[in-house]
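Notes to accompany the following structure.
Taken together, the values in this text are just the output of simple stated rules run on the coordinates, not laboratory data. Here the structure is a predicted model, which is why all the values come from computation and not from measurement. When we count neighbours, we look across all protein chains shown, and the Cβ atoms used for this are built from the backbone with ideal geometry, even at glycine.
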Amino acid sequence: MKKLTRVAFVTSALLFCAGASAAMTSDTVMVGGAAMFPSKNIVENAVNSKDHTTLVAAVKAAGLVDTLQGKGPFTVFAPTNAAFAKLPAGTVDNLVKPENKALLTSILTYHVVAGNYDMKALEQKIKQGGGRAELKTVNGQPLWIMSNGLHNIQLKDGQGNVANISTYDVHQKNGVIDVIDTVLMPK
């Protein structure tokens with residue numbers, strides 16, 4: 001009886017693991033301890049990342065959930081919780097207040113570019129621009145991209161802050177996410 005129970009347990013465990021690995025494809029990337037599935041949209045994936053809880057809360061406070069669940073395609077440069085923590089004390093708490101919704105929306109849409117810009121597309125734009133290229137963000141202001149070594153792209157915002165992309169090409173049903181280490185600020 002014990003042997004039969006053990007065989008049933010091992011079989012169940014193997015079937016569970018096989019099912020889990022079948023759900024993850026070679027395009028699935030782990031971000032913040034969670035699988036980011038290319039079959040889901042930006043919001044459906046981002047809510048599962050433990051490294052992006054501040055960003056998700058800000059997107060909700062700004063009323064941008066429906067937009068980022070839309071057809072797109074969008075390229076989102078997604079700052080981590082650690083990136084938000086680098087802002088002056090109280091900044092995030094202040095930004096998510098209802099009376100600051102317009103400012104929060106402006107900052108968040110500065111992290112979004114219309115189109116599907118994976119690493120290869122960003123590198124191509126940088127090459128065409130002679131080492132630097134300008135992207136127009138959804139908020140209408142420019143953001144600059146530049147190379148800092150082989151396969152290392154940096155972003156420069158309107159205030160001169162520089163962000164590094166730590167995770168590239170997190171493909172979504174409606175675009176792509178690149179994880180960054182600094183919150184970008186429009187001019």
Item to check | Tally, over region 90-123, of residues that are surrounded by 16 or more Cβ atoms within 10 Å (Cβ to Cβ), more than 12 Å from MET185 (Cα to Cα) and hydroxyl-bearing (Ser, Thr, Tyr) | outcome: 1
Next on the checklist: So, in region 45-75, how many residues would count as being part of a helix (DSSP H, G or I) and not charged (D, E, K, R)?
Outcome noted: 14
Item to check | Residues of region 136-155 satisfying the condition of being touching a Pro at 6+ places or on another chain (Cβ under 8 Å) and crowded, with 19+ Cβ neighbours inside 10 Å | outcome: THR137
Checklist entry - Is there a residue in region 94-103 that is assigned to a loop (DSSP other than H, G, I, E, B) and more than 22 Å from GLY149 (Cα to Cα)? => result yes
Checklist entry - Which condition number does THR67 fail, the rest of (1) more than 24 Å from LEU122 (Cβ to Cβ); (2) free of Cβ contacts under 8 Å to residues at least 12 places away in the same chain being met? => result (1)
Item to check | Set GLY131, GLY158: member being surrounded by fewer than 17 Cβ atoms within 10 Å (Cβ to Cβ), small (Gly, Ala, Ser) and touching a Phe, Trp or Tyr at 6+ places or on another chain (Cβ under 9 Å) | outcome: GLY158
